[in-house]
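See below for the structure under consideration.
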There are 2 protein chains.
Amino acid sequence: MREFILLALKAKTSLFNVNNLPEEGRMDLVCRTVSNALFISNDVRRDTIIHVVMTGPKYPPKIVSFYGKDLKGINPDEKSIAENINLALEKGKNLKLNEETNLKNGIVVSKKSFEQLVREKSNNQIVYLHKKGEDIRKIKFKDDVVFVLGDYIGMPKKTESLLERFGAKKSNLSPVMLFASHCIIIVHNELDRR
Amino acid sequence: MREFILLALKAKTSLFNVNNLPEEGRMDLVCRTVSNALFISNDVRRDTIIHVVMTGPKYPPKIVSFYGKDLKGINPDEKSIAENINLALEKGKNLKLNEETNLKNGIVVSKKSFEQLVREKSNNQIVYLHKKGEDIRKIKFKDDVVFVLGDYIGMPKKTESLLERFGAKKSNLSPVMLFASHCIIIVHNELDRR
């Protein structure tokens, strides 16, 4: 199983305009990252999950999780994914802390913090994508691996310490600063080739 | 210089609805491919050009070319790129065969065939991304290289013969069938690492 956690610090947690994603907490970046995690040509990566941890206004924190094995009725374009995130935010509006709601199309929305999610995954191999990590081509991967990605703002120091405490290993993909959506393609490619 | 040629067989060559890209000859795929060719986190790849060869209705063929070195006023989201393609199609509406118009923001639109474009590039190293090619990690690249990508429909047999005639070398990126937008990320990553 391949699992991705994207920390999207400014991503909206209340309904947003799907026709103006860049102005809505850079939801365009979020949507492209989800698209690249799950979709390949004519298929869905059934072995992949992506959790988007959203901490922007108005109802943070929210996690929208996409499960490849159950995904249906969603297309790889930014707007289709944005519409589905909006649906999830609407359904999850009144959730209490650590409660979740299943939308039955492969999407689950929960009111949960990044820290809590990482804690739940701490028995897995956790890889934190970071410029100063070991080259991904040299890392030994287990069957189940969780990749943690920051968004365009970067990861807060406190969050980095948390990841370290949970044993996350840093890995580097490129000499160039890439978008999270790009990083996911490179990770998939490396795992596909093994 | 890194140059990409995307053959987008169904891509609209007349104005289209930027809020419904999947229904407009899969312009969402085209836009994501352009985005991944040119944008990185907080920067533009100034050493990169992408030509989108569009052969869908109503005024084919059209080539919209994005020059990283001159690019301005464009964002990496699908809609921003779509709006700029629309502008280019509008400006290029009355072009005669092999004429072009420069939009002065890094975009040039021309009425030109795929064959003619490839012919103009035939003194360069041409790499055709294809499942049955040599592993990209083993290919020796020159400083200037042109990558040719098909879209979700695949490349017509006649076009493949043309590429062969111009000495294009086939290269494979992945055991999985990827979108053109994904292929570009992997190509950039391989070149970035060299």
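The values are calculated or read from the model by the stated rules, or taken from the named source; none is laboratory data. Quantities reported herein were computed from a predicted structural model and do not represent experimental measurements. All Cβ positions, even for glycine, are placed from backbone atoms using ideal geometry, and neighbour counts span all protein chains on display. Heavy atoms of the whole protein, side chains included, go into the accessibility calculation; ligands, DNA and RNA do not. Shrake-Rupley method; radii C 1.70, N 1.55, O 1.52, S 1.80 Å.
Details
- With label points set 7 Å from Cα along Cα→Cβ, the inter-copy distances at B:Asp192 are 1.7 nm, sorted shortest first.
- Per-residue ellipticity at 222 nm, computed for chain A from helices alone with -39500 (n - 2.57) per DSSP H run of at least four residues, works out to -9000 deg cm²/dmol.
- Carbon/sulfur fraction of accessible area - the stretch B:65-147, other protein chains in place, 1.4 Å, %: 42
- Global form of the stretch A:147-194, assessed from the alpha-carbon gyration tensor, a/c cut-off 1.5: oblate
- Computed over the stretch B:32-85, the Cα gyration tensor eigenvalues convert (square root of 5λ each) into semi-axes of 21, 12, 9 Å, ordered from largest to smallest.
- Average other protein chain Cβ within 10 Å of Cβ, residues B:12-21: 1
- Between copies, B:Asp135 shows label-point distances of 1.4 nm, shortest first, with the point placed 7 angstrom from Cα along Cα to C-beta.
- Sequence-distant residues sharing a close amide H with A:His130 (under 5 Å, placed H): A:Ser171, A:Asn172, A:Leu173
- Share antiparallel - DSSP beta bridges, chain B, percent rounded to 5: 40
- Taking only the Cα atoms of the stretch B:68-194, the ratio Rg/Rh comes out at 0.98, with Rh defined as the Kirkwood radius.
- Solvent-accessible heavy-atom area per residue, rounded to whole Å², over the protein assembly as shown at 1.4 Å: 43
- The reciprocal of the average 1/r between distinct C-alpha atoms defines the Kirkwood hydrodynamic radius, which for the stretch A:91-136 equals 13.0 Å.
- Nm distances between copies for A:Leu95, ranked from closest, using label points 7 Å along Cα→Cβ: 4.8
- At R0 = 41 Å, FRET efficiency that the Cβ-Cβ distance of B:Glu83 and A:Leu191 yields, to 0.05: 0.70
- Cα pair count fraction exceeding 24 Å, expressed as % - the stretch B:1-155: 29
- The alpha-carbon positions of the protein assembly as shown define a convex hull whose volume is 128 Å³ per residue.
- 3J(HN,Hα) couplings calculated from phi for the stretch A:174-180 with the Karplus curve 6.51 cos²θ - 1.76 cosθ + 1.60 (θ = phi - 60°) are, in sequence order, 6, x, 9, 6, 9, 6, 4 Hz; Gly and Pro show x.
- Per-residue mean of C-beta atoms belonging to partner chains within 10 Å, peptide A:178-188: 6
- Between A:Glu164 and A:Asp47, the distance separating the two model label sites (each 7 Å from Cα on the Cα→Cβ line) works out to 3.3 nm.
- Under Karplus coefficients 6.51, -1.76 and 1.60, residue-wise ³J(HN,Hα) of the stretch B:32-46 in Hz, glycine/proline x: 5, 5, 4, 4, 6, 5, 10, 9, 10, 4, 6, 7, 10, 6, 5
- Residue among A:Leu21, A:Ser161, A:Pro175 farthest towards the positive dipole end of chain A, charges placed on Cβ: A:Ser161
- Distance from the alpha carbon centroid of the stretch B:31-85 to that of the stretch A:55-90 works out to 26 angstrom.
- Using a 1.4 Å probe over protein heavy atoms, the accessible area lost on pairing A with B, summed over both chains, comes to approximately 3000 Å².
- Karplus 3J(HN,Hα) series, Hz, for the stretch B:130-144 with 6.51 cos²θ - 1.76 cosθ + 1.60 (x for Gly, Pro): 7, 4, 9, x, 6, 3, 4, 5, 9, 7, 8, 9, 7, 4, 10
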